[in-house]
1. Would you tally the residues in segment 201-227 being within 24 Å of GLU269 (Cα to Cα) and in a loop (DSSP other than H, G, I, E, B)?
2. Answer with yes or no whether ILE59 is at pLDDT 95 or above and of a type outside the set (Gly, Ala, Ser).
3. When you scan segment 403-476 for helices (runs of 4 or more DSSP H) that lie fully inside it, which ones turn up with 2 or more residues that are on the phi < 0 side of the Ramachandran plot, β-branched (Val, Ile, Thr) and in the same structural domain as THR390 (by TED's automatic domain parsing)?
4. Note down all Cβ pairs under 7 Å where the first residue falls in segment 125-137 and is within 17 Å of ALA42 (Cβ to Cβ), the second is loosely packed, with under 10 Cβ neighbours inside 10 Å, and they're at least six residues apart or on different chains.
5. Suppose we keep only residues that are surrounded by fewer than 22 Cβ atoms within 10 Å (Cβ to Cβ) and not in a helix (DSSP H, G or I) within segment 39-65. Which one would you say is farthest from the chain's Cα centre (by Cα)?
6. Only one residue in THR377, THR390 is under 15 Å from PHE499 (Cβ atoms), in contact with a Phe, Trp or Tyr (Cβ under 9 Å, 6 or more places away or on another chain), buried (at least 16 other Cβ atoms within 10 Å of the Cβ) and in contact (Cβ under 8 Å) with a residue 40 or more places away in the chain, so which one is that?
7. Quick check on my filter: what residues within segment 261-291 are closer than 21 Å to LEU196 by Cα, in a helix (DSSP H, G or I) and not aliphatic (A, V, I, L, M)?
8. What residue, among those in segment 73-102 that are surrounded by fewer than 23 Cβ atoms within 10 Å (Cβ to Cβ) and among the small types (Gly, Ala, Ser), is modelled with the lowest pLDDT?
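The values are calculated or read from the model by the stated rules, or taken from the named source; none is laboratory data. Note that this is a predicted model, so its numbers are computed, not measured. Every residue, glycine as well, gets a Cβ built from its backbone with ideal geometry; the counts of neighbours run over all protein chains shown.
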Amino acid sequence: MKLKAGFVKAYLERMARAEKFGVEPPRKPETIVIDYGGPNVAKPLHIGHLRSAIIGESIKRICRYRGHRVVADVHLGDWGLQMGLIITELKRRTPGLVYFDDNYRGEYPEKAPFTMAELEEIYPVASAKSKEDAAYKQEALEATVRIQKGAPGYRALWKQIMRVSLPDLKRNYEDLQVFFDLWKGESDVEPYIAGLVERLQKQGLAYESEGALVVDVREETDAKEIPPCIILKSDGAALYATTDLATIQERMETLHADSLIYLTDKRQEMHFLQVFRVAKKSGLVSEETKLKHIGFGTMNGKDGKPFKTREGGVMRLEYLIRDINEEMYRKIVESRQDVSEEEARETAKVIGLAAIKYGDLSNQASKDYIFDMERFTSFEGDTGPYILYTIVRIKSILTRYQEQGGSLEGLALQDASNALEKDLMMQLCGFNAMLEGAYEETAPHKVCAYIYDLANAFNKFYHETKIISEEDPAKKAGWIALLLLTRDVLETCIDLLGFSAPERM
């Protein structure tokens with residue numbers, strides 16, 4: 001089937017005039033809560049946190065653009081054994097701190113007895129000791145219980161850990177251009193847990209098994225064995241399933257969510273299957289509430305194994321960002337001599353972020369992928385820098401058109417004059433269908449595939465068309481109108497992916 005050039009032109013004119021290029025608002029906007037990030041407090045972000053942050057941020061932006069109310073929650077790990085380990089190690093090192101005096105009744109110091117750098121050193125030491133020394137681990141478990149039960153000194157020390165850790169976490173996420181509406185953690189749902197357990201028992205769903213409290217979640221249609229969901233351990237301690245269920249209860253009561261989306265490593269698929277079934281069976285959510293877990297694959301090195309530092313450790317996220325930015329800075333300096341160091345550094349940060357995010361998001365979330373810095377930072381091929389280079393090229397042409405005295409206001413599209421121009425126009429026509437697919441399937445990789453095809457269509461058209469030197473004013477104006485629409489669609493799409501384009505490269 002061939003579309004008439006006039007029909008394509010008329011469609012693009014309507015698209016250019018319409019808000020959001022004609023994307024239809026939903027008949028009934030939903031409240032969607034997206035749970036992504038999930039870092040543990042008092043530990044630096046590492047590359048294991050990268051995919052959740054990048055994919056979740058993009059899905060949030062796609063859902064918002066589609067017209068829904070979206071609430072993004074980082075869901076901190078702030079209530080578990082790592083807190084007990086840190087406090088146990090602090091007590092071993094500085095037993096004289098007022099926090100450890102059970103008879104103390106005064107005000108606790110405003111200043112924390114440690115820095116973020118010290119916290120980051122304390123945790124791995126404490127974690128290693130707990131694996132070798134059973135008594136040390138027991139002390140850490142007891143410290144965790146004391147925090148959760150509200151022992152004044154331990155709770156005050158926990159607040160200091162939170163106060164020191166959160167600014168560092170926020171800075172790291174901001175460097176990634178990842179932003180959360182809520183900075184809640186497991187501790188925020190502690191008041192819900194006792195009532196939740198009582199509810200499950202009264203409903204006859206929770207029963208004792210080998211000392212633990214569990215809920216059966218098997219269904220007749222299951223093709224494989226689905227084990228019971230453990231709500232409380234034999235010692236009465238809550239688990240991740242318990243806090244996740246309590247979090248669902250809180251989100252339903254306070255946010256009235258229509259849909260809950262969780263992003264984690266795909267190895268947690270069984271955990272969320274169990275939690276979602278308990279939530280449905282117990283009535284924590286209605287039958288209409290959508291519960292979705294998006295499990296992502298791992299980011300691997302060139303050897304096909306999970307990405308490590310040269311020393312074999314897990315790389316900190318800020319070091320990965322730094323290395324990418326340095327590589328982009330080197331390429332910018334090599335290719336341009338007319339740029340100041342300050343501009344080169346700023347441009348490198350913008351392109352570096354595009355390289356990281358596009359490199360990740362262009363893969364289907366559930367699949368593992370190879371992190372290849374050389375390929376991701378290339379200005380050629382299916383990469384973030386290539387997309388940005390295309391946008392900057394369009395901006396440059398528009399600037400030259402204005403320098404010749406042309407105006408970007410009131411320009412009219414023309415019928416396609418050749419196959420390459422029509423192909424570019426047809427690619428633009430696909431925006432709405434692409435966005436609908438990306439939203440319905442919560443699939444940012446569809447946005448990447450679309451803009452790669454659109455960038456290729458533009459570059460083929462550009463290489464075969466003398467736009468600025470065209471002598472027919474109407475034809476030139478029509479091409480400029482086409483470039484304006486292409487720029488706007490590309491910039492909208494990269495914003496959905498969570499990065500932006502510089503003015504020049």
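1. Of the residues in segment 201-227, 13 are within 24 Å of GLU269 (Cα to Cα) and in a loop (DSSP other than H, G, I, E, B).
2. Numbers: at pLDDT 95 or above: yes; of a type outside the set (Gly, Ala, Ser): yes.
Criteria met by ILE59.
3. Numbers: elements: 419-429, 431-440, 445-464.
By residue number, 445-464.
4. Listed pairs, sorted by first residue: none to list.
5. Among those residues, the one meeting the criterion is LYS43.
6. Sole residue among the options that is under 15 Å from PHE499 (Cβ atoms), in contact with a Phe, Trp or Tyr (Cβ under 9 Å, 6 or more places away or on another chain), buried (at least 16 other Cβ atoms within 10 Å of the Cβ) and in contact (Cβ under 8 Å) with a residue 40 or more places away in the chain: THR390.
7. Matches in segment 261-291: HIS271, PHE272, GLN274, PHE276, ARG277, LYS280, LYS281, SER282.
8. GLY80
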